[in-house]
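Before any comments, here is the structure.
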Amino acid sequence: MWGKAKGSRKRELRIYFATDVHGSEVCFRKFLAAARVYEADVIILGGDFAGKAIVPVLTEGGMLRARVGGEEVTVPEAEWDRLAADLGKAGLYPVRMDTAELRRLSADEAALDRLFRSEIAAQMQRWCDLAAERLDPSVRCIITPGNDDPVDADAVLAAHGRVECPELELCDLGPVTMVSLGVVPTTPWNTERECTEEELGKQISEMLDQVPAGRPSIVNLHCPPYASGLDDAPELDTTLKPVIRGGRPSIIPVGSRAVREAIKRYQPVVGLHGHIHESRGAQKIGRTLCVNPGSDYSSGVLRGAVIDIAQDGSCLDFLLTTG
Amino acid sequence: MTSSSEASVPAGAARAGGTESTRLFVRQTSGLVRELGIPAATGISLASVAVVNTFINFNAGLTDFAKADMYLPLVAGAVIWLVAMFAYRYLLRAVPRAGGEYVYLSRIVSPVAGSVAGLGIAVVFTYVLSTNAHFAAQFTPFMLSGLGAAFHSTAVANAGNHLTSNIAIAWLSVVVMLIVAALSLFSVRIVARIIFWLIVLQVLAFVVLIGMLAFNSHADFVSALATYSNHPNAYGAIIAGAKANGVVFGTSIAAAVAIIPFMVLNYNGVLYSYYVGGELRRPGRTYLYASAISIGVLVVLWIGVWALLRARAGLTFMQAQANLGVINPTAYGKITSLSSVAGGLGYGMVLSGDPITKILFATAVPLAEIAVNLAFLTVTTRVLFAQAFDRLLPVRVADIGERNHAPNVAISIVVVVGIGFCFLTSLVNLGSIVALQSLFFALILLAGGVAATMLPLRRADLLTTPGMPDDARKKWLRNVALVGGATTVLALFTVYELVAHSSVYGKFQWESILTLVIVLGAGPVIYVIARAVRRQRNALDLNMAMRELPPE
């Protein structure tokens, strides 16, 4: 009932997988700590690492003023570090500025976009440095982008020596080969890494076709397979508001048909997914174990999955974690 | 993409909101704005309460306690939920996610406590499914009687008389469970539509009943009862029969206090918008308004209908009718064919002059129970899902059907266990079914109170606002602890009342104790077994799922 007896197969590789931390400093620190706590050989952050909002912090007469959670907060300038740390925990980017700069950013979308990109890149640089400082040298740290991550961030990841970013590449993990793709099918939000289902299917196939025959693989695809139970999200109307039926939000599958078809066709050992925060779970598609650990970054909680891989590349066991 | 718990802005480039000095810049990312406002959240709260179930609880209060009146219990029940509402507001603010007590306990108290609560709730909710099916089965004779009257069919009306034995009630409960199971196999979208229309029907029945009571006089009721019963003085005969059988009339404070747990159960569900905390816009505020409005609406509706029932039927008559039907059903049956458990809906049936309203009243309770069971089945399977993901239960429990996208295995488990409970509740003396249900829900409320009390002690970091001065922070945390403590005390009071009146609310016999032990012990037992089996198979240690990751 609790899984097949695994006989003489022994663990060769332990993966810790988390996703969708969206700029949360506390979640990223927990992600690094997970290597030690769960005794993982490889830790993988599967996309959507970038934060979503900048909190302008106005400097006026020795005081700092900002709007946090709908309420205005005023603290002495000396409290900057604490305020910035508190905001960073929730994935917000605090930026000190004066009223003139605030006005300029409000009127100049391009300047605001540049500011976002620079904040995200700076955060990624800090995170990579932190990984280098905290991780045991034997632990591999893989960070791949998701649809919400600006393409500029890839360069930061690629340039850093301690972190690997095998986006659109084959990655040898020992008993298995991993392929990664952060692109998702078109969303109503028109984010940076989107394409049609056909194009997505083509990109996945091109990568998986390169895996040598008979070699076990795992796929790190940000979007979960369609109608897998890992992709349930609120149904939206034309104004992007949740549809209410029977007094409750209507929930529908919003995953990718191309991802599902690829998994059915290639039958990788494991599918690592994210994208839909509330659809935490694990499902089998054929012989493939598909996992979406979900995300609860705004509460400072890191949801993840521990996956044990045997010497022959098969999946020994898995566990969804909350930390 | 992100969840509905996001605060991002859909479409368009990065943009700003708020006043000039305090705006927040949000970049273009996928995800929803929290869009469920107060009206939607209020709808969720009201939909989670079976409005017509109040007649079941009125009847239970009248039969289980002498000199029962409902004014004080209705108000006290509302006050208890009102205090709890503030405690859950803080919990929701700290953990603005779906999941309820399982999530709150696992985050704030300990992951193991969360798991125990999760399994307990799964068992309790499965039990509730069976008690709801049992209620629907008990109302079948009343339903057939009403439908017979509506369609002028004595065969249909009399059919109910053959469905009153324990074994008949047990099988009828099973039929209700199977109907619910069959409906649950449709997609979630269709199930939601079915629930919605079933709720519309029961609310319609309630509103029609209020109108009927408001527009008829006491004399009209007495006369209508005589006609309905084919007994010229049915009203007086019922009161006289009750007197002769020792029924005590009037009101007493002690009885009113003792009935409070029934009314706590009556309001259960009124705060359930916290279960969709991730979708609420400004969750703390929206939840607070939605819950307060819902409690207010229910207080007005239920106190209003109780006042109308007292004015039209009379308290003495209601006490006489409910008790005579239990103490001396033969004598009662000789006076009238009106079901003694139907309460207000029965009085509506008596006053009803047309077949449409008769059908409405006749089917209100069974349809309401099916609606509630559909909703509970969805929640229960979700709780089982969570346990399966944490490997406390077999992973297969979370399997999704290829065709219907429904959790067929989880549904099957809940229905099979629920059917087992149906036979137990019908054939075995478990004490008062309603009362055990009250005790379970009181314990869930207690769990919420404990989580709120522990919140400032264990996870103050989830509560405080960035930049909040230390003094304000301390005061704020103290308030949270006080509200949590008050909720815990009120929940304990409810538990005390249940235990103090165990002769009514579930005698502590071996059957009822065994049930309680199964419910409360299921979590730890399954945890220990699952962990041992996994250790034996050299699989990942379950403890790993419960480890806290250091944030620094």
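Points worth noting:
- Scan of the range A:249-274 for residues that are out of contact with any Gly (no Cβ under 7 Å at 6 or more places or on another chain) and in a loop (DSSP other than H, G, I, E, B), ordered by number: A:Ser250, A:Val254, A:Gly255, A:Pro268, A:His273
- Take the conditions (1) more than 14 Å from chain A (Cβ to nearest Cβ); (2) in contact with a helix residue (DSSP H, G or I) (Cβ under 7 Å, 6 or more places away or on another chain); B:Val175 misses just one of them, which is (2).
- Only residues that are of a type in the set (Asp, Glu), under 21 Å from the mean Cα position of the chain (by Cα) and part of a loop (DSSP other than H, G, I, E, B) were counted in the range A:184-211, giving 1.
- Where helices (runs of 4 or more DSSP H) fall wholly inside the range B:49-108, the ranges with 3 or more residues that are at pLDDT 90 or above are B:71-94.
- Filter result (over 17 Å from the mean Cα position of the chain (by Cα) and either basic (Lys, Arg) or modelled with pLDDT under 70 (or both)) within the range B:407-443: B:Val428, B:Asn429, B:Leu430, B:Gly431
- Residue in the range A:34-51 that is surrounded by the fewest Cβ atoms within 10 Å (Cβ to Cβ), counting only those that are in contact with a Leu (Cβ under 8 Å, 6 or more places away or on another chain) and in a loop (DSSP other than H, G, I, E, B): A:Asp41
- Residue count for the range A:266-278, restricted to those that are at negative phi, modelled with pLDDT of 95 or more and surrounded by fewer than 24 Cβ atoms within 10 Å (Cβ to Cβ): 2.
Matching residues to (1) in contact with a His (Cβ under 8 Å, 6 or more places away or on another chain); (2) away from chain B (no Cβ under 14 Å):
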site	(1), (2)
A:Thr177	no, yes
A:Ser180	no, yes
A:Asn190	no, no
A:Glu199	no, yes
A:Ala227	yes, no
A:Leu240	no, no
A:Pro268	no, yes
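- Which numbered condition B:Phe125 fails, given (1) within 11 Å of chain A (Cβ to nearest Cβ); (2) closer than 14 Å to B:Asn373 by Cβ: (1)
- Unique residue being surrounded by 22 or more Cβ atoms within 10 Å (Cβ to Cβ), hydroxyl-bearing (Ser, Thr, Tyr) and more than 14 Å from chain A (Cβ to nearest Cβ) when the list is B:Tyr267, B:Tyr274, B:Tyr228: B:Tyr267
- Members of the range A:296-321 found to be polar (S, T, N, Q), facing chain B (nearest Cβ under 7 Å) and touching a residue at least 24 places away in the same chain (Cβ under 8 Å), listed by number: A:Ser298, A:Thr321
- One residue alone among B:Leu351, B:Leu338, B:Leu360 is out of contact with any Pro (no Cβ under 9 Å at 6 or more places or on another chain) and open to solvent by less than 10 Å² (accessible area, probe 1.4 Å), and that residue is B:Leu338.
- Condition met for B:Val299 (out of contact with any Lys or Arg (no Cβ under 8 Å at 6 or more places or on another chain) and modelled with pLDDT under 90): no
- Meets criteria (touching a strand residue (DSSP E or B) at 6+ places or on another chain (Cβ under 8 Å) and open to solvent by 10 Å² or more (accessible area, probe 1.4 Å)) for B:Ser110: no
- Exactly one residue out of A:Arg117, A:Arg134, A:Arg96, A:Arg103 is more than 21 Å from A:Val57 (Cα to Cα) and either open to solvent by 10 Å² or more (accessible area, probe 1.4 Å) or in contact (Cβ under 8 Å) with a residue 40 or more places away in the chain (or both), and it is A:Arg134.
- Taking the criterion of being at the interface with another protein chain (Cβ under 9 Å from one of its Cβ atoms), of a type in the set (A, V, I, L, M) and open to solvent by less than 10 Å² (accessible area, probe 1.4 Å), the residues of the range A:54-78 that qualify are A:Ile54, A:Val55, A:Leu58, A:Leu64, A:Ala66, A:Val75.
The values are calculated or read from the model by the stated rules, or taken from the named source; none is laboratory data. No experiment lies behind these values; they were computed from the predicted model shown. Neighbour counts are summed over all protein chains in view; Cβ atoms, including those assigned to glycine, are modelled from backbone coordinates with ideal geometry. Surface areas here come from the heavy atoms of the whole protein model, side chains and all, with no ligands, DNA or RNA. Shrake-Rupley method; radii C 1.70, N 1.55, O 1.52, S 1.80 Å.
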